[in-house]
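A.B. asks: Below is a structure I'd like to ask you about.
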Amino acid sequence: MGRAGSTWSGDVSRSPEVRTGAGTRSQRRLAGGAVTGIARRIALGIWVLAIGAFACPLTGAADVKATSTSGSATDWVAADAVLCLEVPHPDRLIDRLTDPRILDYASSLAQYRNAVQSKNFRELSSVVKVIAAQLDTTWDQGLKDLTGGGIVLAVEAEKAQEPRFYLIISPKNEAVLQRANQALLKLARGDAAGKGKPDPVKSTEHRGVTIFAAKDNPVAGYAIVRGRLVVSNATKNLSTLIDRVISSGTAKGARPATPAAKFADCAEWKALRAKGSDDDAVRALARLDRLRKLDPARFAPKDKPDTGITLLFRSWYELLKRAPWMAASIRWTESELAAALELPLGKEGHLAIVKGYVPPAGEGTASLIQPPGTIASLSLWRDWATIWESRLDLFSPEVAQNLAQFDTFAGQFFGGREFGADVLGALAPHWRLVISQQDFDTMKPPPDVKLPAFAIVAEMDDPEGDFAQKLKTAYQTFVGLTNIDATQKNAAPLELGSEEVEGITLATARYVLPQGAAAENMTPQRRYNFSPSAAQVGKYFILSSSRGLGRSLIKELKGKKAGTGQAAASRSTFAVEADGRPLARILELNRDRLAMQTMLERGETKEKAEAQVDGLLAFVRYLGHGRLSVDDRPGASRLELKFQLSGGK
Amino acid sequence: MKDPKTRAFDDPAWAWSAFEASSGRRFDLPAAAHLHRRAGFAASWSVLSRDVADGPAAAVDRLLAGAPQSLDGSPAAEFESTMDSMAAQLATSAALTDLQAIWLYRMIFTPHPLRERMTLFWHNHFATSMSKVQSASLMQRQNDLLRTDALGNFRQLLRAIGKDPAMLIWLDSTSNRKAKPNENYAREVMELFTLGRGHYHEKDIQEAARAFTGWFVIKDRFKEVVRQHDEGTKTVLGKTGKWEGDDVPAILLKQPACAEFLCKKLFRSFISETQPPSDALIAPLARAFRESDYQIKVPVGMILRSNLFFDPAVRRRRVKSPVEFAVGTIRALEVTNPTVQTSALAEACVRMGQSLLAPPSVAGWQGGAEWINSTAMLARDNLALGLLSQQDQALGQRLDPANLAAKYKFTGRDQRARFFLDLLVQDAFEPKAREPIVQAATAKNVDDDTATRNAVRLILTAPEYQLA
């Protein structure tokens, strides 16, 4: 790569091609010093050459004929490819990515600024602008014209062989691509000629198709095949693909000779396309079974995952270990950003050890609780009692040993009950978590860091039994233990209290405030965010970090009669909804502190740190309302993420 | 590293006279860089160039007064206000590394490097450690106190530090009862803070401790409990009276040894840590200090303006502390847009042997040769590599040496090498030692960027660069 630089380095502005190119005077000036390095960069590898061509805009794009390519580029991908990713409408994706709301946020990030200020990016950007100037168009319009027919990235692999990477770009018109290629070749050759160097481009013919590569890096290459730009990590791969295209006769409307060998005809891919819509921005399919066989060290998950993964995601982890493929799609419109991920379940279904993670057929999470001011509401189906029973199979011996100790402690905490059968067994598998805004204006004293309130709503199998009382006692024990710790640390203790909310007793605790002179000197502290509270509403037990949220949840559960009725039917195993606007409000309340932390963590000045925080706030607002759900269906598990995008600030 | 005997050390009158540039004794780049290494944390090329052009008097005046703008471009007062606010908000629940990060951030961008340098000096003088105080807000409060009086009045600083909760916790003096006077603070205030050994007796400590009775720290606040104060007569350093705690600093400051003790410490910090000054050399400095009623700026200004300070014989007679090395490198190389992650820098300083706000003992860091050992040198090299790295997300990716050189019109490879030699080490290298730097910068088998980075790395890891 280093020699490539010496081969092509030099001031391209001296080459006659660039001097006589189209474009404004200022654009040509841009070509001056910047292009010196640009040409060097072009020569650094055929990938950059190809990306340069990929980014080249062309004149006359408006009156070009329809593309000579037909069908999907996935016709050219082998049926057993391990990965295939398609961007059906790159022009729309470019519009989304260059949305001012996205760019505003991105430009506030140091990583983005660093990337666009990096030498490589600046050089590539200058190449694109120089060629755009020659061809009288803008870089983004040119990019849309060049990629308008779609982009496919595919990886094909065989055991003990280098994987074959293909990037297939379909332009709106073949002439667009041809002219872009000619422009870049002219630039590179002109630069070399200006320096008295030989032609840096190696071109070979294969069955009538020209394959281009950089002479000092002839391995990777690109070709224009039937009106499409194909880039690959090896020129021999290009020959393979050309053979495939010519022998299958998929181009120019001919019937394919071996339809079964095409990725486009695979049932999983067809199903993915059928489920999608015209708004799909990206769709991808990965063959996990082949990846695990080809490179077990990299792609085969270990037998027993970490404790955290086991607790939260074990069923999905097991699925990932065994699913033959994974399909994903992203949809991105003006008003919505959505993603879906699907993993098929093998014939044997879920393993017995993950029984506690997956709801039986027809069951699922309880409905989300969303009192006023909700930032996020989460609902999870999880049978902890069953998981506890399977702990020896699920966890490593060391963790199981720790759980045995925890069993003893937790049993004592709950009045001598057995933790698994009597505590977890007394709870239904419906768990809900609510995160909510707090009214900081009414808090005395207001905390220094303003945190949201959160609460867990658990469901009891037998609300009339003594278990509810045991939970209340456990809450009081928790407050007592907190006070012992506070006494040892000379910190403020919690004072127990209670209040009636719609006929329900809300047990409360609040930090005792200092009196007299100590009160005058009191500094705001984080702990004043918390006033732990607990209540029972029918079969639901609420444990909240604040009195305010405790009250809201009582009203919500009473008002909707969800506290005593059957939970709303759902097939989801997990669901969460979040609202960006109240989240942004919380972040805004902590804006100064977040900016200060950004100053320290990223070394930014105050001005830039504040701009980053403001960018984050705008981005959170832009994301609007989000929902994530996971459904464990009989045949497959499906994850869906959806944001209803907001109009802006 | 033994200092040669020069006229400067033997002739106090000449030594403390104001330096004036002449044809034989120029105020050139090495002199300006020396001034900033000692009185700040090294300076950028633009600052050095400006000071060389303006002369020593203007350069010293600017250091004593502070710049109108911080390195982040904000007005000085606004920057100080932002930093005070950051310290107040973040220190409440901060870990030691966070506190260190706040201070290092301040050092990097400060418009008043001399004040931060003096804050560091007083931190080492009144050495107090978070390891025992265990309160980030109290450590930060002490740091703020040291900064407020860093170039102010030592009398005021001494009185305030005696009531500083962090100091009293550090010296086990949070409950000083008349029935059982605690002698720790009384001992340290004489031995380490004002007089030095040999200028007091054990009896003086015991009597002073009685004067401090009634001083308590309750709920992180200093409080005088009158009923616990010993109201009897005490004799401290020959002065008898019904002394209270506030009377002791005045008695100590009247001792001739006090100003001499402090001026010797300033001498070690600003002039040389290898050659102890003679009493005769210190006497004029101490006299001026006393006569100004202990205005700290007086001896500091006198030192910075002196013939002795600018004598080439005293250059590089100190080993840079890790903080000087780290902050100085960052300021000189203008790694400020953005700067490094300062918590990572704090950790690097710990690895180099200096954990800010956690000195090893009540006597602070020994400094000098103590900073240099194989582990610490490896840590210094690693910091230099980190700063020059394009992968290290916390410390690297911010410095583009070739770009920095180009900013000052040093564009050719050999020009770049000379630029960094002049910026970072000036005349420290023998001609032969400069050759590998130039060779690295002009190496033909590597690209411009890599060659420049290699050259800067060689300078930063050279023994000469470790000296101030």
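Where a number appears in this text, it was derived from the coordinates with a stated rule and is not lab data. Just so it is clear, the model here is predicted, and its values are computed rather than measured. We place every Cβ from the backbone using ideal geometry, glycine too, and count neighbours over all the protein chains shown.
A.B. asks: Across the range A:412-521, what fraction of all alpha-carbon pairs, as a whole percent, falls in each successive 10 Å bin from zero upward?
C.D. replies: Each 10 Å bin holds this share of Cα pairs: 11, 31, 36, 17, 4, 0.
A.B. asks: I need B:SER355, B:SER135 ordered by Cβ neighbour count within 10 Å, fewest first. Show your work: numbers first, answer last.
C.D. replies: Details: B:SER355 21, B:SER135 17.
Going from least to most buried by this count: B:SER135, B:SER355.
A.B. asks: Just tell me how shielded B:84-94 is by partners: mean number of partner chain Cβ atoms within 10 Å of each residue's Cβ, no decimals. Kindly include the intermediate steps, with their values, before the conclusion.
C.D. replies: Values: counts 0, 4, 8, 1, 2, 7, 7, 0, 6, 5, 0.
Shielding by partners across B:84-94 averages 4.
A.B. asks: Which whole-number percent is the relative contact order of the range A:405-490 (Cα, under 8 Å, 6+ apart)? Walk me through the numbers before you get to the answer.
C.D. replies: Details: 63 pairs, mean separation 25.4, N = 86.
Relative contact order for the range A:405-490 comes out at 30 percent.
A.B. asks: Can you return the lysines within cross-link range of A:LYS608? Criterion is Cα-Cα under 20 Å, with same-chain partners fewer than 8 residues away left out.
C.D. replies: A:LYS649
A.B. asks: Quick one: 3J(HN,Hα) in Hz for the range B:48-59, Karplus 6.51/-1.76/1.60 with θ = phi - 60°, rounded, Gly and Pro as x.
C.D. replies: Result, ordered by residue: 4, 4, 4, 5, 4, 5, 7, x, x, 4, 5, 5 Hz.
A.B. asks: To continue, here is another question. Using amide H atoms built in the peptide plane, which far-off residues or other-chain residues are under 5 Å from B:GLN69 H to H?
C.D. replies: B:ALA76
A.B. asks: Could you tell me the ratio Rg/Rh of the range B:96-165? Both radii from Cα atoms, Rh via Kirkwood. All intermediate terms of the calculation are to be shown ahead of the outcome.
C.D. replies: On the way: Rg = 11.7 Å, Rh = 12.4 Å.
With Rh from the inverse mean 1/r over Cα pairs, Rg/Rh is 0.95.
A.B. asks: Can you give the relative contact order of the range B:10-136 as a percent, counting alpha carbon pairs under 8 Å and 6+ residues apart?
C.D. replies: Values: 91 pairs, mean separation 32.4, N = 127.
Relative contact order, the range B:10-136: 26 percent.
A.B. asks: For A:SER367, what residues show an amide H to amide H distance below 5 Å, using hydrogens built from the backbone and excluding near sequence neighbours?
C.D. replies: Amide H to amide H, under 5 Å and 5 or more residues apart or across chains, A:SER367 pairs with A:ALA568.
A.B. asks: How many Cβ atoms of partner chains, on average, are near each residue of B:70-79 if near means within 10 Å of its Cβ?
C.D. replies: On the way: counts 2, 1, 7, 3, 3, 0, 0, 0, 1, 2.
Partner Cβ neighbours, averaged per residue: 2.
A.B. asks: Computed over the Cα atoms, what is the radius of gyration of chain B divided by 2.2 N^0.38 Å, N being its residue count? Intermediate values should be presented prior to the final figure.
C.D. replies: Numbers: Rg = 23.2 Å, N = 468, 2.2 N^0.38 = 22.8 Å.
Rg over 2.2 N^0.38 Å, computed on Cα atoms: 1.02.
A.B. asks: Cα-based Rg (one decimal) and Dmax (whole number) for the range A:574-640, in Å?
C.D. replies: 16.7, 54
A.B. asks: Restricted to Cα positions, what overall size does the range A:180-249 have along the principal axes? Three whole-Å values, descending.
C.D. replies: Its Cα atoms span 44, 22, 17 Å along the three principal axes.
A.B. asks: Could you sort out which of A:LYS159/A:LYS186; A:LYS304/A:LYS355; A:LYS159/A:LYS202; A:LYS450/A:LYS555; B:LYS178/B:LYS297 sit more than 28 Å apart by Cα distance in this structure?
C.D. replies: Flagged as over cut-off: A:LYS159/A:LYS186; A:LYS159/A:LYS202; B:LYS178/B:LYS297.
A.B. asks: Name the aspartates and glutamates eligible as straight-distance cross-link partners of A:LYS539: C-alpha to C-alpha under 13 Å, and not fewer than 8 places from it in the same chain.
C.D. replies: Filter leaves A:GLU459, A:ASP461, A:ASP462, A:GLU464, A:ASP466.
A.B. asks: A further question on this structure: To the nearest 20 debye, what charge dipole does the range A:80-151 have about its Cα centre, counting +1 at the Cβ of each Lys and Arg and -1 at the Cβ of each Asp and Glu? Walk me through the numbers on the way to the answer.
C.D. replies: Values: 8 positive and 10 negative charges, 75 e Å.
About 360 debye.
A.B. asks: Give the calculated FRET efficiency between B:ASP172 and A:GLU588 to the nearest 0.05, with a Förster radius of 60 Å applied to their Cβ-Cβ distance.
C.D. replies: So, using R0 = 60 Å, E works out to roughly 0.85.
A.B. asks: Hey, another quick one. Charges at C-beta only: +1 for Lys and Arg, -1 for Asp and Glu. How large is the resulting dipole of the protein assembly as shown about its Cα centre, in Debye rounded to 20?
C.D. replies: On the way: 144 positive and 125 negative charges, 494 e Å.
That gives the protein assembly as shown a dipole magnitude of about 2380 debye.
A.B. asks: Please compare each pair in B:LYS265/B:LYS320; B:LYS234/B:LYS254; B:LYS264/B:LYS320; A:LYS172/A:LYS270 to a cut-off of 21 Å on the Cα-Cα distance and tell me which ones are over it.
C.D. replies: Values: B:LYS265/B:LYS320 16 Å; B:LYS234/B:LYS254 17 Å; B:LYS264/B:LYS320 18 Å; A:LYS172/A:LYS270 24 Å.
Beyond 21 Å: A:LYS172/A:LYS270.
A.B. asks: I've got another one for you. Normalised by the number of residues in chain B, what is the relative contact order in percent for Cα pairs under 8 Å and 6+ residues apart?
C.D. replies: Working: 727 pairs, mean separation 89.8, N = 468.
Contact order relative to length: 19 percent.
A.B. asks: Translational diffusion coefficient, Stokes-Einstein: compute it for the protein assembly as shown using the Kirkwood radius over C-alpha pairs as Rh, at 10 °C and 1.306 mPa s, and state it as an integer in µm² s⁻¹.
C.D. replies: Translational D for this selection: 45 µm²/s.
A.B. asks: Return the aspartates and glutamates within reach of B:LYS432: Cα separation strictly under 19 angstrom, same-chain partners fewer than 8 residues apart disregarded; answer none if there are no such residues.
C.D. replies: Within the straight-line limit of under 19 Å, B:LYS432 reaches these aspartates and glutamates: B:ASP414, B:ASP422, B:GLU464.
A.B. asks: Among the trypsin sites (Lys or Arg not before Pro) in the range A:173-210, which ones are in a DSSP loop with at most 11 other Cβ atoms within 10 Å of the Cβ? Mind listing them?
C.D. replies: Hits after loop and neighbour filter: A:ARG207.
A.B. asks: Right, another one. Considering only C-alpha atoms, what is the centroid distance from the range A:364-398 to the range A:264-331, in Å?
C.D. replies: With the range A:364-398 and the range A:264-331 each reduced to a Cα centre, they are spaced 23 Å.
A.B. asks: Using the Cα centre as the reference, give the magnitude of the dipole from point charges on the C-beta atoms of chain B (Lys, Arg: +1; Asp, Glu: -1; all else neutral), rounded to the nearest 20 debye. Walk me through the intermediate numbers first.
C.D. replies: On the way: 59 positive and 53 negative charges, 100 e Å.
Charge dipole, chain B, about its Cα centre: 480 debye, nearest 20.
A.B. asks: Please name which of B:SER74, A:GLY190, A:THR573 has its Cα lying farthest along the dipole of the protein assembly as shown towards the positive end, using unit charges on Cβ (Lys, Arg +1; Asp, Glu -1) and the Cα centre as origin.
C.D. replies: A:GLY190
A.B. asks: If you line up the Cα atoms of the range B:1-117 on their principal axes, what length do they span on each, largest first, in Å?
C.D. replies: 54, 32, 23
A.B. asks: Long-range amide H contacts for A:ALA214: which residues qualify at under 5 Å (H placed 1.01 Å from N, peptide plane, sequence gap of 5 or more or a different chain)?
C.D. replies: The answer is A:ILE46, A:LYS202.
A.B. asks: Tell me, what ³J(HN,Hα) does each residue in the range B:272-285 have, in order and in whole Hz, if you take phi through Karplus 6.51 cos²θ - 1.76 cosθ + 1.60 with θ = phi - 60° and put x for Gly and Pro?
C.D. replies: Once rounded to whole Hz, the list reads 7, 9, 9, 10, x, x, 6, 4, 5, 6, 6, 3, x, 5.
A.B. asks: I'd like the Karplus ³J(HN,Hα) series for the range A:323-331: coefficients 6.51, -1.76, 1.60, θ = phi - 60°, whole numbers in Hz, and an x wherever there's a Gly or Pro.
C.D. replies: Those phi angles translate into 5, x, 8, 9, 10, 9, 8, 10, 10 Hz.
A.B. asks: Going by Cα centres, the range A:403-473 and the range B:368-436 are how many Å apart?
C.D. replies: Using only Cα atoms, the two centres lie 57 Å from each other.
A.B. asks: To the nearest 10 degrees, how steeply does helix B:374-388 sit against the main Cα axis of chain B, on a 0 to 90 scale?
C.D. replies: 60
A.B. asks: If you fit an axis through the alpha-carbon atoms of helix B:448-460 and take the longest principal axis of the Cα set of chain B, what angle between them do you get, 0 to 90°, nearest 10?
C.D. replies: 40
A.B. asks: With each label point set 7 Å from Cα along the Cα-Cβ vector, what nm distance links B:ARG227 and B:SER49?
C.D. replies: Inter-label distance under the simple model: 7.0 nm.
A.B. asks: Taking R0 as 22 Å, what FRET efficiency do you get between B:SER361 and B:ASN153 from their Cβ-Cβ distance, rounded to the nearest 0.05? Don't jump to the answer; show the numbers that get you there.
C.D. replies: On the way: r = 27 Å, r/R0 = 1.23.
For R0 = 22 Å, the calculated efficiency reads 0.20.
A.B. asks: Rounded to the nearest 500, what is the 222 nm mean residue ellipticity of the protein assembly as shown from helices alone, with -39500 (n - 2.57) per DSSP H run of 4+ residues and division by all residues?
C.D. replies: On the way: 50 runs with 523 residues, N = 1117.
Helix-only estimate at 222 nm: -14000 deg cm²/dmol.
A.B. asks: Counting partner chain Cβ atoms within 10 Å of every residue's Cβ in A:601-614, what's the average?
C.D. replies: 5
A.B. asks: Still on this structure, I have one more. With unit charges on the beta carbon (Lys/Arg positive, Asp/Glu negative), name the residue among B:VAL319, B:GLN341, B:PRO299 whose Cα is farthest towards the positive pole of the charge dipole of the range B:292-436.
C.D. replies: The residue sitting most towards the positive pole is B:PRO299.
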